[in-house]
Structures are given as structure tokens and as C-alpha cells.
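Here's the structure we're looking at; comments come further down.
Please treat every number below as a calculation from the coordinates, not as lab data. Remember, predicted model here, so these are calculated numbers, not experimental data. As a convention, Cβ positions derive from the backbone with ideal geometry for all residues, glycine included, and neighbour counts pool all protein chains shown.
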Amino acid sequence: MCGITGFLDTRQTKGHDELATIVRRMATSLRHRGPEDEGVWVDPASGIAFGHRRLSIIDLSPAGHQPMHSSCGRYVITFNGEIYNFQALREELVALGQAFRGHSDTEIMLAAIAHWGVEASLKKFIGMFVFAVWDRQERTLYLSRDRAGEKPLYYGWAGHTLLFGSELKALHQHPDFRAEIDRGALTIYVRHDYIPAPHSIYKGIHKLPPGTLLTIQGFGTDAAPQPYWSAKRAAEDGLSNPFSGSDTEAVDQLDTLLNDAISKMMVADVPLGAFLSGGIDSSLIVAIMQANSTRPVKTFTIGFNNSDFNEAESAKAVAKHIGTDHTELYVTPEEAMSVIPRLPNLYDEPFADSSQIPTFLVSQLARRHVTVSLSGDGGDELFGGYNTYLWGRSVQKNIGWMPRPLRAALGKSLNPLARFDWNTLLSGSQSLLPESLRRKDLNKVLQKLAGILKVHQREALYWVLCSYWMEPGSVVIGGKEPLTPLTDPSKWAHIEEFMHVMMYLDTLMYLPDDILVKVDRAAMGVSLESRVPLLDHRVIEFAWSLPLAMKVQGNTGKRPLRQLLHRYVPKQLVERPKQGFGVPVHEWLRGPMRAWAEELLSESRLRHEGYFEAAPIRQKWSEHVSGRRNWQAQLWGVLMFQAWLEEHKTLISTKVSEVVLDSHQVVGIPSSAIGLQSIQSSTN
């Protein structure tokens, strides 16, 4: 696992030493991703420069040093990730007459590219990766990212120079980089608490989408990433060619796939372990790891002395049954809060999934003992595990029959009700409410329903469910939302069941741009490699071939994962209500973090910086600290931007600039998502 960076200066005016100095500075900024070795390679005649920071996992010898040249001399690569089937590819290439000097997967990749070409090799690779390859013969630069989006890659033009890197901090180091905040991306961020690909917080800088290859020849500013693998095609092909066996046969096949994926991911020349929460996904990964190991697997759990957020007891019971070498660490609120000042630099652009805090803590714990850790991410998105899917299905079922005029009228009537202070009114009558409503914020429920009733497409319905600020354009000054996979009909797949629609959209956006970002930055921030077996593309494609009834029964999702886990672990140890991996930020904001938050959210500061309208933020802050409402998700997003802005104030001007608003801007729900007849997908 490593950090990569580089640039292509099409002016070709810099000499060797200047190119090397710049790219070394860029690479040094990624030292946390690869603390053990650094390498640079430049070609002044082409204006190309590659930088690399190495965390040695496979082949710890100098033979694994990067940037690396192919044996034929034509290709140069800087690569971050792991190719899990590299040994099988090596055997195939040896049979074709290829010789190798070491045993790293990087050398195998280069040999494959030299023999089959870049795109054909990509289709053979099983793994997580991003890489830059320079073809010295064709003077062509290739940038590519793995199918699921486990590893990050930013890129963009700064004048005549194409910059790229594993993290934005590498791009900051290039003298041509200019930091200008993209208010459209900020608006998406306010809605979702993260910024989805291809957008980034900076204008002109993009995230390379998962499963794509970008080819740059000459100046090439108009080049666009092209898919070599498509989540849309995987979903549509799987659903159109469904698995025809029994439940038992499906579980058998899943067992075979996961055992193969996990055994490949357990190959490392350094200590290896796993995160263990005691839930379905991580318990299954650990159980299969232990079945493939002759020694107790090292497992790690973070605990809290708050029963609403503590998973340590469940994890401990699972670890004891499986027989792992288990380490748990209970952390105090003060220890957890001490992570917060590190977040703006760690995540490099605004990111506000509060489970980033325990994810960092468990990564830090694991790194004390191992260099590689497997995780159970991806199970909810592939096998229907989120409670949101159940709620979305229920909502869609109950309003899908309504004519549009009736839905519009009902939605309009809910708006004033959503603004009423129901919590105060019902504070003395909670015992009279059904249990399902006692823990709900009725204002939020009504607000969501009002938004849902305004849209007509199923994808737009889910977009509303996934929104924190329902009208982010009224919060971000000059903010106009660009399209995302949730609002761009060209990204939608032809899928019948609404629950499958929601799962598909999550694999496009929430999984790669929230979950995997969270894990990658937290783990690499402490120089820990994380591997995700459930995101082996063969598992993804198999999951899409399973009919929905095999994944979800009643209100229980992830049936194949559960059934497989029960072969390894007694049902009573793992069957418990789904629990998020989080921390009580809402309480901290009213207590020990209140002064910090108040400073970042002060009206004068917001007005001076000029990114946010102060009034709606101050209103939510007032309601939150009073205890009347819980606006954690909305406020945490703004706070993480404010903290990020403070961290990067020397890079970005925070002076108020004049913003010319588009008079045709629709504040709130964009027209592309309100059910215009732009796509012929079912609205049922």
C-alpha cells in the first residue's frame, strides 16, 4: 500500500532537477501512506514526473521499489494497492516466456501491461488499486482506479500541467496548483456530508471514478475517463441472469467465493489482522480468515462506556468463539474528541461521517500490532442490510399509487407542519405515542415526507432519503448542485425492485465516496493497509445475480451472509439489532465541544468567510444546543467544512467574494430529479 503522485507538464520547459524537486515534495506530503521508502522518476523531454511513497507489503526487498520500469523499458508505473491474483498472473506470464527479478505484484502488473496492454490487463486484475503508467513509446499517460473505488485518485489540469495524486495534499505542493473552492461541490457536500466523484472541493480537480481508465495524449485536457468495468452493467447483467439454485446452493457458492477472496487477501510479507465489530459482516470475514489460518487471527475492537455506541462486548464474544487473538481498547470521550483536530488534514477535503472518529481509533489500535487489516465493509450495500432500504421500500409502497397532483398537494400541506415544534408540544405525551415514533424527530420525518412527495422517480425518492439539508442551495452562497449518480438519469440502471435501486445507487456513490473514503484515510493516516473482501468484483457480480428474496426476507437483510456466518458462529452470538459505528457527537456539541463549535459557527465568521448563509445554520445551532432538536448530521457537516477551511486558510482566500447567482437556479430540488420524463424507468 502506498501513496502515488505526479504530473505531466506539457510545456516541457523544466529540467531534470526542477521536476525531481517538485515531485519529491509532492510525494513527501504522502509520507503517512508510505513511510518506508520514497522514489521519484522524471523525463524532462516529456515533462513527466512520478513520485511514490512505499508501505511495503509484498516483496520487502529493493526489487519492489517504485516508480518501476518494465523489463522491456517501455512502461513506467507508480502504483498504490494490491493485485490479489498476482501469483496466478505470474504463472501465466512465465508460461509465455516472461522472466522476473523479484516477486512483487507491481512487477507482475508491468509485465501484464507490456504483454496484453493496459485495458486488457485491467480486466485481468483482481484487487484494489490506482496507478499511473507512462508509455514511453507512445508518450501516453494512463490513470486508472479499481472497480469498487477502494483506493483514491485525484487529478486535474493546472494551466498546462496535469496533476494527480492519492490525496489532495500532494497537489497542494505543485507550484501551478490554485485552490479555488467549488461551490457546487460544497452544495453537494452540505446535502450528503461528503463529496461524490467526480467532484472535489476544488474547481478543476476531479476524483477518478471507480472502474475507469483515463488516457492522456498530448495536451489532452478534453480527455474523459472511460469505464473498463461498470457497476451498472454488473447490476443489470446479474438481475437479467439470476441465480437459479436453492438458498443452500447460493450460500455454498458465496462460501467458495469469499474463501478464495480472503485467502488471496491474507497473502502478505508483514503482520495481518482484521477489524471486528461483532456484527454480521466483520464476524464472517474473521471466521473465514481463521478457517484459512494455522494461527489465531489478530482482531481489533474499540469500545465505549456508552451502551448506545459500544460493540466491544459482542465482538469479544465472537472472537472467543472463533478463537482469535483479540485486542480491545475502551476509549474515553476525551480520547475520542482528541481525534477531531486531526480530521481536516487526515481527510484532506470536507468529510462529515462522524464514524470517521472510531474508524481512526480502531485503525490506530490495529497499527500497533499489524500492517494489514481486513474489514467487512460492503455487505450492507450488496446484500440489503441498511434500515434505510426497509423504510424506503415502505414509503415507496405507500405513496407510489398516488396521482402526482395529490402528492404535490399533500407535500405542500406538510411544509408548515414540518416547521412546527412537535418535540416541545409532545414532550409530556411521549407515552401516548407508538414505540416506533417515540425515538423519531417528527419534524425530520415530516420534512422528509414533504420532500419525497415532490419527486416522482424512484431514484429521486432515494435522493431525498439520503439528504441531510433538504435545500442546500439556500445554505451555500452561490451554490448550485451539479449532477450526481443520484440525480443523473444516465447513471441509473434498469432495475425493477426499489430496494435493489437503493442498493445500486449506494454502490455508485455512498460506498465509494463515504464508506471507503472513511476507511482509506483513517487507515492510511496511521500507515495501515485495509483490505475489503466483500468488494472483490466477483463477489459484487455474484451478489447482483441473487434475487432480492434471497437477500431480504421481511425486515431482515443480508440473508446469504447470515446463513453463511451461522456455519461458523452460533446464531445467538451475532443476531442482534443493527448498530451504527458512531460516537455521541450530538451530546458533545451541547457539552465539551460547544465552545469550539460556537466559534466556528459564529455569525460574524460565517458572514466574513462568505460561503454559508448564517441564518439557517444559526437557527439549527440554537435549536440543537437547547436540546429541542438533534441537528447533529447537518451541523457536523458545516463544522467539518469550517474546520477544514481553518486548516487550509493559508492555501485558500477566505475573503468574501462577490457571487453572481444564476437567476434560473432552483433552490432545493433540481429539476433533473423531479420526475421529468428524461428517462423511461418505472415510477412504481
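Over all projection directions, the Cα-based convex hull of the chain averages an area of 29.9 nm². Take the Cα of residue 139, go 7 Å toward its beta carbon, and the backbone nitrogen atoms of segment 196-236 under 19 Å from that spot belong to 215-223. Within segment 2-229, all pairs of alpha-carbon atoms sorted by distance into 10 Å bins from zero give the percentages 8, 35, 38, 16, 3, 0. Label-to-label distance, residue 223 versus residue 321, with points set 7 angstrom from Cα along the beta-carbon direction: 5.2 nm.
Once R0 is set to 51 Å, what does the formula 1/(1 + (r/R0)^6) return for the Cβ-Cβ distance between residue 650 and residue 247, expressed as a FRET efficiency to the nearest 0.05? So, using R0 = 51 Å, E works out to roughly 0.30. Here is how the number arises for the chain: DSSP H runs of 4 or more residues each give -39500 (n - 2.57), the sum is divided by the residue count, and the result at 222 nm is -11500 deg cm²/dmol. Once the Cα-Cα distance is subtracted from the 0.36 nm per residue extended length, the residue 103 to residue 567 segment shows a gain of 163.4 nm.
Near residue 371, the amide H atoms lying under 5 Å from its own belong to 272; only residues 5 or more places off or on other chains count, and H is placed 1.01 Å from N. Considering only beta bridges that DSSP places wholly inside the chain, some 75 percent are antiparallel. Here the ratio of the Cα radius of gyration of segment 585-647 to 2.2 N^0.38 Å is 1.01. A simple spin-label model places pseudo-atoms 7 Å from Cα toward Cβ; at residue 342 and residue 369 they are separated by 1.8 nm. Legend: residue pairs 412/480; 480/649; 412/491; 264/491; 169/203, Cα-Cα distance threshold 26 Å; pairs beyond threshold, 412/491; 264/491. For segment 142-239, the Kirkwood radius over C-alpha pairs fed into Stokes-Einstein at 20 °C and 1.002 mPa s yields D = 148 µm² per second. Per-residue extension of 0.36 nm, minus the Cα-Cα distance of residue 329 and residue 308, leaves a gain of 5.9 nm for this segment. Across the cross-link table entries 232/551; 151/316; 151/518; 151/571; 397/571, which are compared at the Cα atoms, the separations over 22 Å belong to 151/316; 151/571; 397/571. Cβ crowding within 10 Å, taken as a proxy for footprinting-reagent exposure, orders 588, 463 from fewest neighbours to most as 588, 463.
Exposure proxy shown here: for 448, 320, the number of other Cβ atoms within 10 Å sets the order, fewest to most, as 320, 448.
Paramagnetic label reach from residue 391 (point 7 Å along Cα→Cβ; backbone nitrogen cut-off under 20 Å): within segment 345-363, residues 352-356. Between residue 71 and residue 603, what's the calculated FRET efficiency when r is the beta-carbon distance and R0 is 56 Å? Round to 0.05. Plugging the Cβ-Cβ distance into 1/(1 + (r/R0)^6) gives 0.30.
For the chain, the relative contact order works out to 16 percent when only alpha carbon pairs closer than 8 Å and six or more residues apart are counted.
Computed extension length for residue 179-residue 398: 74.2 nm, one decimal, from 0.36 nm per residue of separation with the Cα-Cα distance subtracted.
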